[in-house]
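Chemist: One structure follows; several queries about it will come next.
The values are calculated or read from the model by the stated rules, or taken from the named source; none is laboratory data. A quick note: this is a predicted structure, and the numbers were derived from the prediction, not measured. Neighbour counts are summed over all protein chains in view; Cβ atoms, including those assigned to glycine, are modelled from backbone coordinates with ideal geometry. In case anyone asks, the SASA skips ligands and DNA or RNA and just uses the protein heavy atoms, side chains included. Shrake-Rupley method; radii C 1.70, N 1.55, O 1.52, S 1.80 Å.
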Amino acid sequence: MRVDPITRLVGHIAVPGDKSISHRSVLLGAICDGETRITNFGRSADTEATVEAVRALGVTVYEHGTDTLRVFGKGLRGLQAPGGAIDCANAGTLVRLLTGILAGQEGQQFELVGDASLSARPMKRITEPLSRMGAGLETEEGHLPLGVDARPLHGITYELPVASAQVKSAILLAGLYADGETTVVEPVPTRDHTELMLEAAGAPITRREHSVTVRRAERLELGEIEVPGDFSSAAPFIVAATLVPGSELHIHDVNLNPRRTGLLTILERMGGRVTVYNRRTIGGERAGDLEVRSAELVATEVLAPEVPLAIDELPLFALLASCAHGASRLRGAEELRAKESDRVEATVDALRALGQHVEGTEDGFRIKGVPTRPRGGRIRSRGDHRMAMLGAIAALDSQEGVEIEDAECVSVSFPGFFDLLASLRQQAAA
Ligand code: S3P
C-alpha cells in the first residue's frame, strides 16, 4: 500500500470504540448475570476474536449493525469448555485476561492458542502469579499453547515485576474466584479499565494509590456500556495533525483516561498544540473532544514512569521526536520488545528507512531530531498494526510518500484506518 503526503489535516473525525474497553466489556459481559448491551463496540480483528472466544465458551452474543452487541452472560461460574482449543488470534489482551477467568471455572480444562506473533509473546508473566493462586497451567516453555486446568483458587498479594495492565487484570479476574483477598501491587500505574468496569459491575474491589484488592464475587451485572473512542487510534491522527503544517483537526468522543493519555503530556512538553474540550464521562471513563493544531516541536526525555501511560504510542513518539529540534531519549521501555513485534527494532528500521535519525537501545530509543519533513521510502509492518499506522502517518508529512508492506494488518485494531485517511484527503482538498 502506498500513502502519499497530504497538504494538511482539517475537519472533524471520530475513531472506533476503545480496544481495551471493548475486549473487557465482552469478557466481563460473558461472566455477568443477564444481558450486557455494548454500544460503540470497537470492532476489529482483535475484538472479534474475543466475541468468538466467548461464543466458543457457550455465551450468546447478538450483533446489531457493526457496533452494538448484546452479550447474554452465563454468570461467574457458567462458562462451558468447548471441544477444541480457543483461538486468541493476535490478541494479547484476550489471551491474558481470559486465562484469569478460565482459571476460575473449577473442574474444567481449556486450551488457548494464537497466531505466530501471539505464540512468540511471553505468558510466564501470567502463569507465574496464577499458579501461585492454585491454578493448573501449562505452556510450551512460557509460550502458547496454554493449557488451563481450573482448580480451587486462593488469594495472593502480588507485586507486578513488569508494569502490565494485562497481567494485573488476569490476576484481578482470577481473584473473583479465589478464597480470601487478592491484591495486586502496582509500583507504576497502568491502565485501569478492568478496575473501573469491575466497580461498575458491582464486584467487591478496593482501590488504593499503588494497589488493588478484590474478593470472591458471587454475581456481576453490567447492564449497559458505551465504549468511548480509542485514544490509541486517535493518536496517529494527533501526531499527523501536529506534524503537517496548516492542520487543524478535531477528534471527537475520545477516551481520556489519564492512564492512557501519556502522549498528550509528552506532546505538551514538546510544544504540541492540543486542546481538550467538552470533557465528560462515557461508559464510566473520562472522555472529551480534542482540537489539534500543527506545531514546531522541541526534544524531550521520556522515562520509565511515563512508559505505561503511553505504551502503545511510543513508536509515534519516536516519529515526533525525529522531527523536533534537538536530541530526545526514551528509557525504561524494554516492554516494547514484547509487543506484537519487537517495537524498538521495528520502529528504528521503519524510521531509518524513511530518512530519520533513530537508534535503538536495550530499553528505548535515542533520537536526533531534524525539523524537516521525512524523506519517505518503503517500510515493513512486520504484521504489526501499530507499525503500519506509523508508516502511514510518517507518509502524510513526508516528501516522497511511503510504501507500506503488509498494511492490511491495521485491521487488527482499526479496520477503517485507511478509509478515514482517504476522507481526510478529501476534506483537505475541499
Ligand atoms: C493492554 C495493555 C497493554 C497494551 C495493550 C493493551 C490492555 O499491554 O500495550 O495494547 O488492554 O490491558 P501490557 O499489559 O502488556 O503492557
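Chemist: At a 10 angstrom cut-off on C-beta neighbours, averaged per residue, how do the peptides 271-279, 53-61 rank from highest to lowest?
Modeler: So the peptides 271-279, 53-61, ranked by packing, come out 53-61, 271-279.
Chemist: Could you work out the pair-distance distribution P(r) of region 19-226 from its alpha-carbon pairs, with 5 angstrom bin width and percents rounded to whole numbers?
Modeler: In order of increasing distance, the bins hold 1, 8, 17, 22, 23, 17, 9, 2, 0 percent.
Chemist: Solvent-accessible area per residue for the chain at a 1.4 Å probe radius, Å²?
Modeler: Normalised by residue count, the accessible surface of the chain is 36 Å².
Chemist: Suppose only helical runs count, i.e. DSSP H with n ≥ 4. What mean residue ellipticity at 222 nm does that imply for the chain under -39500 (n - 2.57) per run, divided by all residues and rounded to the nearest 500 deg cm²/dmol?
Modeler: Working: 13 runs with 134 residues, N = 430.
Helices in the chain give a 222 nm mean residue ellipticity of -9000 deg cm²/dmol.
Chemist: Would you mind listing how long region 181-223 runs along its three principal axes, going by Cα atoms, in whole Å with the largest first?
Modeler: If we take the Cα atoms of region 181-223, the spans are 31, 20, 10 Å.
Chemist: Over 19 Å between Cα atoms: which of LYS19/LYS339; LYS124/LYS168; LYS19/LYS124; LYS168/LYS339; LYS124/LYS339 fall into that group?
Modeler: Violating the 19 Å Cα-Cα cut-off are LYS19/LYS124.
Chemist: Now, a different point. Sort 179-192, 403-416 for me by packing, meaning the mean count of neighbouring Cβ atoms within 10 Å per residue, highest on top.
Modeler: 403-416, 179-192
Chemist: In debye, nearest 20, what is the charge dipole magnitude of the chain about its Cα centre with +1 on Lys and Arg Cβ and -1 on Asp and Glu Cβ, if you could check?
Modeler: For the chain, the charge dipole is close to 680 debye.
Chemist: Whenever you get a sec, compute what percent of the accessible area on the chain sits on carbon and sulfur atoms (1.4 Å probe).
Modeler: Here carbon and sulfur together make up 47 percent of the probe-accessible area.
Chemist: Moving on to the next point. So which residue, out of ALA318, ALA388, ALA85, gets the largest mean-square fluctuation from a GNM of the chain using Cα contacts under 10 Å as springs?
Modeler: Result: ALA85 has the largest fluctuation of those listed.
Chemist: What's the whole-number percent of alpha carbon pairs in the chain lying beyond 34 angstrom? Each step should come with its number before you reach the end.
Modeler: Working: 26028 of 92235 pairs.
Of all Cα-Cα pairs in the chain, 28 percent lie more than 34 Å apart.
Chemist: Antiparallel DSSP bridges in the chain: what percent, to the nearest 5? Can you show the working numbers first?
Modeler: Values: 55 of 78 bridges.
For the chain, the DSSP antiparallel bridge percentage is about 70.
Chemist: Looking only at Cα atoms, what is the convex hull volume of region 143-239 per residue, in Å³?
Modeler: On the way: hull volume 14.8 nm³, N = 97.
Dividing the Cα hull volume of region 143-239 by its residue count gives 152 Å³.
Chemist: Using only Cα atoms, tell me the angle between helix 231-243 and the longest principal axis of the chain; keep it within 0 to 90° and round to the nearest 10.
Modeler: On a 0 to 90 degree scale, this one is about 10.
Chemist: For region 272-362, which GluC sites (Glu not before Pro) are both in a DSSP coil and crowded by at most 15 other Cβ atoms within 10 Å?
Modeler: Sparse-neighbourhood loop GluC sites (Glu not before Pro): GLU296, GLU362.
Chemist: Compute the distribution of all C-alpha to C-alpha distances in region 8-116, in bins of 5 Å from 0, and list the percent of pairs in each, rounded to whole numbers.
Modeler: Spelled out bin by bin, region 8-116 gives 2, 12, 24, 24, 18, 9, 4, 3, 2, 1, 0, 0 percent.
Chemist: Report P(r) for region 289-352: all Cα-Cα distances, bin width 5 Å, range 0 to the bin holding the largest distance, values in whole percent.
Modeler: 4, 16, 26, 25, 17, 10, 3
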